[in-house]
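Structure first, commentary second.
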Amino acid sequence: MQTVAITAATMAVISPVLKTARSAGFQLMATQSLNQLGKASHLYLMDNEDRFPPAMEARDHSIHAWFGEVDDSKHTDPKTGVFYPYLKGPTFRDPSANYKPYLGDGTGFGYNWCTLGSDACATGNYESFNHSQNPAELSQLSHPGETVMFASSVYVNAQWAKGDGQFYDYGFVSPPSLWKGVPDVDFRYRGATRVDLDNKTVESDGIALVLFTDGAIKPLKKGDLEDKLFLR
């Protein structure tokens, strides 16, 4: 009995340490992935007169997004993504973003569709999401070092919006004013995410990884993100 008690006490001490180490490992892999995306995107900009790629275009039986073609069965072909020619080998995937397939490439990162991939935030025409218009030019950004390009992402299909409550892979991020209590930026590192059914919100005490257009990668908490970081 004493041995069992000692083992239980030891595990109680070790388990949080192992959990923290595992989360740190996931964060490192995610940082490597974002670094790849940052380098690929800047090569893309050089080849496209400093214009960012459109976020998405809906077609008859598929959606062509920045990360690749998505067919009716939600299968994504990453080889058709705009950055694929610039990536040196396969993109690192974040094992902590083990979400159901939806609109993403499985890496767990989303593109600032509203400002870089379209002009929806500038015009207020958010219904253009499926047909992105007028993606940004680098020269249009007032503060490139303070403009989000990519971030860890997720789509929570909220139950109060007649959803199934599941977490889905999502290749886009939006400014906080569009979250409506359900962030598409995923604060999945070094913390826990909780769905609050009573208040109809998704809460997290963790951090998100954010890649800015100047190539800097920063770990940020929910309270650190403001609309101005998502705008031109």
Original post:
Going by alpha carbons, how many degrees (0 to 90, nearest 10) lie between the helix axis of 2-47 and the longest principal axis of the chain?
Top reply: 10 degrees
Original post:
At q = 0.17, 0.20, 0.35 Å⁻¹, what is the log10 ratio I(q)/I(0) for the range 156-197, with the Debye formula run over Cα points and no solvent?
Top reply: -0.49, -0.69, -1.33
Original post:
Cα convex hull of the range 35-139: mean projected area in nm², to one decimal?
Top reply: 7.1 nm²
Subject >> Length gained when the stretch LEU87-ASP47 is fully extended (0.36 nm per residue, less Cα-Cα span) >> reply: 13.0 nm
Original post:
Modelled label-to-label distance, ASP71 and SER139, 7 Å Cα→beta-carbon offset: nm?
Top reply: 4.2 nm
Original post:
Once Rh is set to the Kirkwood radius over Cα pairs, what Stokes-Einstein translational diffusion coefficient, in µm²/s, holds for the chain at a temperature of 37 °C and a viscosity of 0.692 mPa s?
Top reply: 178 µm²/s
Original post:
Tell me which lysines have Cα within less than 18 Å of LYS162's Cα, excluding those fewer than 8 residues away on the same chain?
Top reply: LYS100, LYS180, LYS200
Original post:
Got the relative contact order for the range 50-90 handy, in percent, Cα pairs under 8 Å and 6 or more residues apart?
Top reply: 26 percent
Subject >> More than 17 Å apart - percent of Cα-Cα pairs taken over the range 107-173 >> reply: 52 percent
Original post:
Mean separation of Cα pairs under 8 Å and 6+ residues apart, divided by the residue count of the chain: what relative contact order is that in percent?
Top reply: 19 percent
Original post:
What is the distance, in nm, between label points placed 7 Å from the Cα along the Cα-to-Cβ direction at THR80 and at ARG232?
Top reply: 2.8 nm
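The numbers here are math on the coordinates, done by the rules we state, and not lab data. Bear in mind the structure is a predicted one, so any value in this text is a computation, not a measurement. Methodologically, a virtual Cβ is constructed for each residue, glycine included, from the backbone with ideal geometry; neighbour enumeration extends over all protein chains shown.
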